[in-house]
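The values are calculated or read from the model by the stated rules, or taken from the named source; none is laboratory data. Remember, predicted model here, so these are calculated numbers, not experimental data. Note: ideal-geometry Cβ built from the backbone for every residue, glycine included; neighbour counts use all protein chains shown.
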Amino acid sequence: MRTFKNLIGGTMVLAASFLCANSAMADWKLVEGSSNLSYGTIKNSMIGENNTFKKVSGSLNDDGHIDITIDLSSVDTQIELRDQRMRDIVFKVAENASAKLTGDMNLQAHNDQEIGTSKMVEATIGLELVGEKIEHDVTLMVTRLAENKVLVTPHGVMFIDVDDYNLVSAIETLRGLAGLDSIATVVPMSFNLTFEK
């Protein structure tokens, strides 16, 4: 099940939205303080919890290439022991310090987007996580906040199937350590990404 509508896609969208008639193009940088990437977990079939990454960086260049880096060691589940288990058991940060979202899109299609307007973009992006890279179809909403700033958010609910990344056994290990009956292996994700030039 690869319906994960992701960050990177979001990034792509953003690229499209602010391709202005500006002769001197430069990379658009992710504004970390105004951006957020989070995911939800559901345990024992009924308890939902929010988790986030404190450090996300990235850029979009004038050729339409998007490059997002997620610092996996910055995972925040609001419980330190659980953070450590996520780092050691699921993400294995000693071997996989970061996750990557990459992709390319045609920015020319959105070079006329006006400030204050939003547009949907569909694209295919690659998510590289714990040594596995899989392409996902994404639908994103790009809102142009200013001449030099855009906001990218998902359009609809995004999901990632941990089985696609061979993480089911790691999730099962977590379940056993926590003494839970179950932990869902399909994970909802959300993000809001602000890019500025």
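Being buried (at least 16 other Cβ atoms within 10 Å of the Cβ) and either out of contact with any His (no Cβ under 9 Å at 6 or more places or on another chain) or not polar (S, T, N, Q) (or both) is true for just one of T102, T69. Which residue is that? Steps first, answer last, please.
Working: T102 fails: either out of contact with any His (no Cβ under 9 Å at 6 or more places or on another chain) or not polar (S, T, N, Q) (or both).
One residue alone meets the criteria, T69.
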(request) Six or more apart or on different chains, Cβ under 7 Å: which pairs go from a residue in region 35-59 that's closer than 25 Å to K149 by Cβ to one that's surrounded by 13 or more Cβ atoms within 10 Å (Cβ to Cβ) and among the small types (G, A, S)? Could you list them? (result) S38/S190; T52/S38; F53/S74; K54/S74; K55/S74; V56/S35
(request) Please go through region 137-154 and pick out each residue that is out of contact with any Gly (no Cβ under 7 Å at 6 or more places or on another chain) and under 30 Å from E95 (Cα atoms). (result) D137
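What is the residue count in region 167-187 for residues that are of a type outside the set (S, T, N, Q) and surrounded by fewer than 17 Cβ atoms within 10 Å (Cβ to Cβ)?
Initially, region 167-187 is screened for residues of a type outside the set (S, T, N, Q), giving 167-168, 170-172, 174-181, 183-184, 186-187.
Those left that are additionally surrounded by fewer than 17 Cβ atoms within 10 Å (Cβ to Cβ): 168, 172, 175-181, 184, 186.
The number of residues fulfilling the criteria is 11.
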(request) Filter region 20-44 for residues that are modelled with pLDDT of 90 or more and farther than 30 Å from S182 by Cα and give the result. (result) K29, L30, V31, E32, G33, S34, S35
(message) Suppose the filter is within 13 Å of the chain's Cα centre (by Cα) and closer than 30 Å to D27 by Cβ; does L129 pass it?
(response) yes
